[in-house]
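The values are calculated or read from the model by the stated rules, or taken from the named source; none is laboratory data. Being a predicted model, the structure only gives us computed values, none of them experimental. Note: ideal-geometry Cβ built from the backbone for every residue, glycine included; neighbour counts use all protein chains shown. Surface accessibility is based on the protein's heavy atoms, side chains included, excluding ligands, DNA and RNA. Shrake-Rupley method; radii C 1.70, N 1.55, O 1.52, S 1.80 Å.
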Amino acid sequence: MCAATSAHAVTTYGTAYLPMDPGQPGVSTTSWSFSDQPNGAADDPFRGAHAINTEFDDLFIFNVPDTETISFEVRAMKQGTTFGVDFVDSGNGGYTLYQYADGSVLGGNAATNTHLMTGGSWTLTSGTYALEIAGVYAVKGGLYAGEIDGIPSAVPEASSAMMLLVGLAALAGADRLRKSKVQEKA
């Protein structure tokens, strides 16, 4: 996880479970939207003051139904003329992508832009993953939002691969039969 520092008042931490990807194998595009916008519900992990100069370290958990290549973008929301979140100022701002089951780190980066973070491209197999976002609230009530986009990889399904093998075997058999008939005539 992104390491917290003592440069700011309080570190908040929340975990949100993003709705399961509704996509089915072969669907062309899937995405998950997320934000830390508190809704006031008692079970909302991001409720609270979001006080100025308060660090946050939030985890968003999402499920990938089949092999997909994902990327993401996280954007600080403007509040008046000021952005509500700074991904760089806290010293621990950035993102980390994890395999949720065993906690292995798949990638991550320190923030280099104060109001926008974009993630690279990862090919993920079917499973559950976590995206950790860290930074500091630049204004009271600061907010950020993001989206994880997935594109199913071009991995053939088992039935498609089997049909391909059967077709190749049939072609090979037909070729062998043709050659044997040519040899019989000679």
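In the stretch 115-141, of all residues being more than 19 Å from the chain's Cα centre (by Cα) and at pLDDT below 85, the one that is nearest to TRP32 (Cα to Cα) corresponds to GLY141. Listed by first and then second residue, the pairs linking a residue in the stretch 80-96 that is at positive phi to a residue that is open to solvent by 10 Å² or more (accessible area, probe 1.4 Å), with Cβ atoms under 6 Å apart and 6 or more places separating them unless they lie on different chains, are GLY91/THR5; GLY91/ALA7; GLY94/CYS2; GLY94/ASN109; GLY94/ALA110; GLY94/ALA111. Flag: GLY94 matches the condition of being touching a Cys at 6+ places or on another chain (Cβ under 7 Å) and open to solvent by less than 40 Å² (accessible area, probe 1.4 Å). Scanning the stretch 73-84 turns up no residue that is out of contact with any Lys or Arg (no Cβ under 6 Å at 6 or more places or on another chain), modelled with pLDDT under 90 and closer than 16 Å to ASP149 by Cα.
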